[in-house]
Amino acid sequence: MTGVSLSVNGQPVVGGVDPSQTLLELLREQLGLNGTHAGCDTAQCGACTVVVNGLAQKSCNVLVRQLEGASVRSIEDLAAPDGTLHPMQQAFGQHHALQCGYCTPGMVMRAVAMADEDVPAEPEAVRHALCGNLCRCTGYGGIVTAVCQGLRQMRAAPERLA
Ligand code: FES
Ligand code: FES
């Protein structure tokens, strides 16, 4: 355990962290943030996607030692304190963009990061941006529709990005 200083969901990570563990391990095993899912563990499926310094990252493929000073955002940070879901989460529900839900946290975090990447809220652009996130059970049509709607709503109410 050594001192890598980072924040997760706006809170500094206190106590020692193991710089050789992955960000996914830190989130799930040390911080108890189990909303981030482990799928392939080989940077292929995207189930473990979180946002690091504003960019979508596959947390199974990031070592804690790479995160000095980083700001990490996981799915647990999206809903408002009163439980109101983030517009992207609402859009996934409205468009039936999930079945088992295993891929969903990674899909949603990838989608939230698209807002800062200026990905157009258009199906072709969203499909391209989602190419690193796999879903084994839902047709991608609903997911793409949901992401387009979520992006439009985030851009209409940018305070929800905070
Ligand atoms: S678990 Fe990280 S990409 Fe699959
Ligand atoms: S909803 Fe089941 S893997 Fe995507």
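Read-outs throughout are calculated quantities, based only on the coordinates presented, and are distinct from any laboratory measurement. Since this is a predicted model, take the numbers as computed values, not measurements. Don't worry about glycine lacking a Cβ; one is built from the backbone with ideal geometry, like all the others, and counts go over all protein chains shown.
Some points to look at:
- Integer Hz, Karplus 6.51/-1.76/1.60 couplings in order for segment 98-113, x for Gly and Pro: 8, 10, 6, x, 5, 7, 5, x, x, 4, 5, 5, 4, 5, 4, 5
- Phi to ³J(HN,Hα) by Karplus 6.51 cos²θ - 1.76 cosθ + 1.60 over segment 51-57, Hz, x for Gly, Pro: 10, 10, 6, x, 10, 5, 9
- Separation of the ARG152 and ALA43 label points, Cα + 7 Å toward Cβ, nm: 3.6 nm
- Close amide H contacts of VAL17 (hydrogens built in the peptide plane, cut-off under 5 Å, sequence separation of 5 or more or a different chain): THR2, VAL4.
- Cα gyration tensor shape of segment 43-107, rounded if a/c is under 1.5, else prolate or oblate by comparing a/b with b/c: oblate
- With R₀ fixed at 45 Å, the C-beta to C-beta distance from GLN99 to VAL14 puts the FRET efficiency at about 0.75.
- Size of electric dipole in the chain: Cβ of Lys, Arg +1 and of Asp, Glu -1, about Cα centre, debye, nearest 20: 280 debye
- For SER71, net neighbour charge (Lys/Arg +1, Asp/Glu -1) across residues whose Cβ lies under 15 Å away: -3
- The value of relative contact order for the chain, using C-alpha pairs under 8 Å at least six residues apart, is 24 percent.
- Farthest toward positive dipole pole in the chain [+1 Lys/Arg, -1 Asp/Glu at C-beta], among CYS60, PRO120, VAL8: PRO120
- Taking the charge dipole of segment 7-77 about its Cα centre, with +1 at Lys and Arg Cβ atoms and -1 at Asp and Glu Cβ atoms, the residue from LEU33, ALA47, LEU23 reaching farthest to the positive side is ALA47.
- Sorted ascending by nearby beta carbons within 10 Å, beginning with the fewest, SER7, SER74 become SER7, SER74.
- Across segment 7-77, Cα pairs under 8 Å and at least six residues apart give a relative contact order of 42 percent.
- Helix content alone sets the calculated 222 nm mean residue ellipticity of the chain: runs of n ≥ 4 DSSP H residues at -39500 (n - 2.57) each, divided across all residues, give -8500 deg cm²/dmol.
- Gyration tensor (alpha-carbon) shape descriptor, segment 1-71, a/c threshold 1.5: prolate
- Selection among GLN99, GLN153, SER71 by position relative to the dipole of the chain gives GLN99 as farthest towards the positive end (Cβ unit charges, Cα centre).
- Residues whose amide H comes within less than 5 Å of that of ALA70, counting only those at least five positions distant or on another chain, are SER7 (H built at 1.01 Å from N in the peptide plane).
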